[in-house]
Structures are given as structure tokens and as C-alpha cells.
Amino acid sequence: MEDIQILLDNLDKIHTTEMGIDRIKRNLNLNVDDVVIWCVDKIKDSNCQITRKGKNWYAQTDNCIITVNAYSYTIITAHKIKTPQIL
């Protein structure tokens, strides 16, 4: 298990690109002024499950996953968790 405290201690470094903002808003159907603040709030949530795989952190909460680069703290993307359909 990776030490999630590393990510939590560096929340002030989290940022994204203009393309990232558009991608996150589109993927999550968000209508917020500041996507980075929205993502940081989700990561800080006590119910958020944080894992690290390779070069990325994955923060899962409220039916979405936020992907953050572990070295640059750039939010790469965020998307809704797809649930299996019952046939």
C-alpha cells in the first residue's frame, strides 16, 4: 500500500491544463467555476479511496475516479465509474 499522505500533503500543488479542465467538465458533466478546487475537495473527502499505480494516483469517491500524476501533481483526467448493467 502506498503512503497516501504524500498526495494529501501536496494538495496545494495540484493543477491541470486548459484541456484537462474541459475534459474533466465533459466527463463528469460539471458546471463549476474551478475544477481543480472541486477535485481537491473530492480527494480530501474522508470517503475517498486513494491508490497509486505506477506514475499516477487514483482517487475514487462519489462515483468518480480522479487521476493525478504522482510527480507533477497534474490532474490528468476524471471520469464516472461505469457500473455493470444487469441483464
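Scanning region 61-74 for residues that are closer than 18 Å to Leu28 by Cβ, assigned to a loop (DSSP other than H, G, I, E, B) and not polar (S, T, N, Q) yields one hit, Asp62. No other residue among Asn47, Asn29 is on the phi > 0 side of the Ramachandran plot and either in contact with a helix residue (DSSP H, G or I) (Cβ under 7 Å, 6 or more places away or on another chain) or not hydroxyl-bearing (Ser, Thr, Tyr) (or both) apart from Asn29. For region 1-60, a tally of residues being in a strand (DSSP E or B) and among the small types (Gly, Ala, Ser) returns 1. Evaluating Ile37 against the criteria (1) farther than 16 Å from Ile76 by Cα; (2) surrounded by fewer than 14 Cβ atoms within 10 Å (Cβ to Cβ); (3) among the aliphatic types (A, V, I, L, M) leaves one unmet condition, (1).
Please state which one of Asp62, Asp41 is of a type outside the set (A, V, I, L, M, F, W, C), within 10 Å of the chain's Cα centre (by Cα) and closer than 27 Å to Asp3 by Cβ. Being of a type outside the set (A, V, I, L, M, F, W, C), within 10 Å of the chain's Cα centre (by Cα) and closer than 27 Å to Asp3 by Cβ holds for just one of Asp62, Asp41, which is Asp41.
Taking region 16-32 as the range and being surrounded by 15 or more Cβ atoms within 10 Å (Cβ to Cβ) and in contact (Cβ under 8 Å) with a residue 40 or more places away in the chain as the test, the residues that pass are Thr16, Gly20, Arg23, Ile24, Leu28. Test Lys42 against the criterion of being out of contact with any helix residue (DSSP H, G or I) (no Cβ under 7 Å at 6 or more places or on another chain) and either without any contact (Cβ under 8 Å) to a residue 40 or more places away in the chain or closer than 16 Å to Asp22 by Cα (or both), and give yes or no. For Lys42, the condition - out of contact with any helix residue (DSSP H, G or I) (no Cβ under 7 Å at 6 or more places or on another chain) and either without any contact (Cβ under 8 Å) to a residue 40 or more places away in the chain or closer than 16 Å to Asp22 by Cα (or both) - is met.
Here, each number is a calculation from the coordinates, and none is a lab measurement. From a predicted model like this one, the values you see are computed outputs, not experimental measurements. Backbone-built Cβ (ideal geometry, glycine too); neighbour counts: all protein chains shown.
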